[in-house]
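Quick notes on the structure that follows.
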Amino acid sequence: MLECALRRAIDSHELVLHYQPKVDLENGAIVGAEAFLRWRHPERGIILPGQFVPIAEVCGSIIPIGRWVLREACRQARAWQDAGIGVRMAINVSPPELRDRDFVHWVRMILNETGLDPPDLEIELREAVLMHDSQFALDVLNALKDVGVQLALDDFGTGYSSLSHLKRFPIDILKIDQTFVSELHTDPGTNSFVNAVIGMGKNLGMQVVAEGVESREQLTCLQELACPQGQGFYLSEPLTAAEFTRLCRRKQVQRASSVV
Ligand code: C2E
Ligand code: MG
Ligand code: MG
């Protein structure tokens, strides 16, 4: 039933993106947005990606859905930039999307169509993508780097984390998984681990982002460890485009009044 309903979801405008701010932990500025897919089902209400993305991956509808996400996120990022809200946009991409032979072509085409500068698009991949057929993955990632987009490794530190991935693949951004962030305040071993990951990312010339920051204490720990960027419910929940715009405008006003 979900599979059939998913096929209609794009045409019936039931899919929507919510945007979580990515924050510079040194000065509190919003530097980016990560787009999260939501399905506004006519009977079931809002359905989160965990409940339908795995089905879409198996039945193939993740390909048209992924193209919709790419286009909508790029369009929104460009619209924000045109309105004076300069943010980079991150989207999540599943393994079957990356394996689609037209993926790089679509990325290039949609960037052209929407006028978004390639470095302002970040493509988030899970490490499983790199495991499956690593030569193929390497070729796709190199082709994406030729287009000029940024590549992020999502949920770093879980699953099949391998340091050789960081050396071999052209990764620009390391996203520390929320399971580590959630233990920061309570487990000293986790602090050492996160500290090491931040140092390693910086030494490799990568941007480092902590995911799932849920409390003041976790934020303080991350700031003490000089983690450059973070996102999470404590900083802001994922927001509708209109809410995101309002939040950025409020911050702009606060900044302007603090200068005066
Ligand atoms: P992810 O990319 O690692 O995203 C982080 C998830 O954690 C999101 O859940 C986000 O809403 C949630 N989150 C954010 N801050 C916090 C926090 O402080 N605490 C906790 N506990 N959670 C937080 P969501 O939106 O349900 O997405 C789950 C996963 O689904 C994502 O993990 C991503 O892998 C996938 N996904 C989301 N949108 C898309 C999409 O457009 N396409 C594809 N292929 N996958 C997507
Ligand atoms: Mg992500
Ligand atoms: Mg993640």
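Rule-based calculations on the coordinates, nothing more; no lab input. Everything quoted here is computed from the prediction, not taken from an experiment. Neighbour counts run over all protein chains shown; Cβ positions are idealised from the backbone, glycine included.
The residues neighbouring Asp139, those whose beta-carbon lies less than 13 Å from its own, together hold a net charge of +2 under the Lys/Arg +1, Asp/Glu -1 convention. Put in line by how crowded their Cβ is, counting other Cβ atoms within 10 Å and starting with the fewest, Leu98, Leu163 read Leu163, Leu98. Each residue of the stretch 204-213 was assigned a 3J(HN,Hα) from its phi angle through the Karplus curve 6.51 cos²θ - 1.76 cosθ + 1.60 (θ = phi - 60°); the sequence is 8, x, 9, 7, 10, 10, 8, 9, x, 6 Hz, with glycine and proline shown as x. Dipole size of the chain about its Cα centre, with +1 on Lys/Arg Cβ and -1 on Asp/Glu Cβ: approximately 620 debye, rounded to the nearest 20. Relative to the present Cα-Cα distance, how much length would full extension add between Arg8 and Asp139 at 0.36 nm per residue of separation? Extra length from Arg8 to Asp139 when fully extended: 43.9 nm. Estimated purely from DSSP H runs of n ≥ 4, each contributing -39500 (n - 2.57), the mean residue ellipticity at 222 nm for the chain is -16000 deg cm²/dmol once divided by its residues. Considering only Asn27, Cys4, Trp39, the residue lying farthest towards the positive end of the dipole of the stretch 1-42 is Cys4, judged by Cα position with unit charges set on Cβ.
Close lysine pairs were tallied over the chain: pairs 8 or more places apart or on different chains with Cα atoms under 15 Å apart number 4.
Among Leu239, Leu48, the order by Cβ neighbours within 10 angstrom, fewest to most, reads Leu48, Leu239. Exposure proxy shown here: for Trp80, Trp39, Trp68, the number of other Cβ atoms within 10 Å sets the order, fewest to most, as Trp68, Trp80, Trp39. Projected onto its three principal axes, the C-alpha set of the stretch 201-247 covers 37, 25, 14 Å, listed from the longest axis down.
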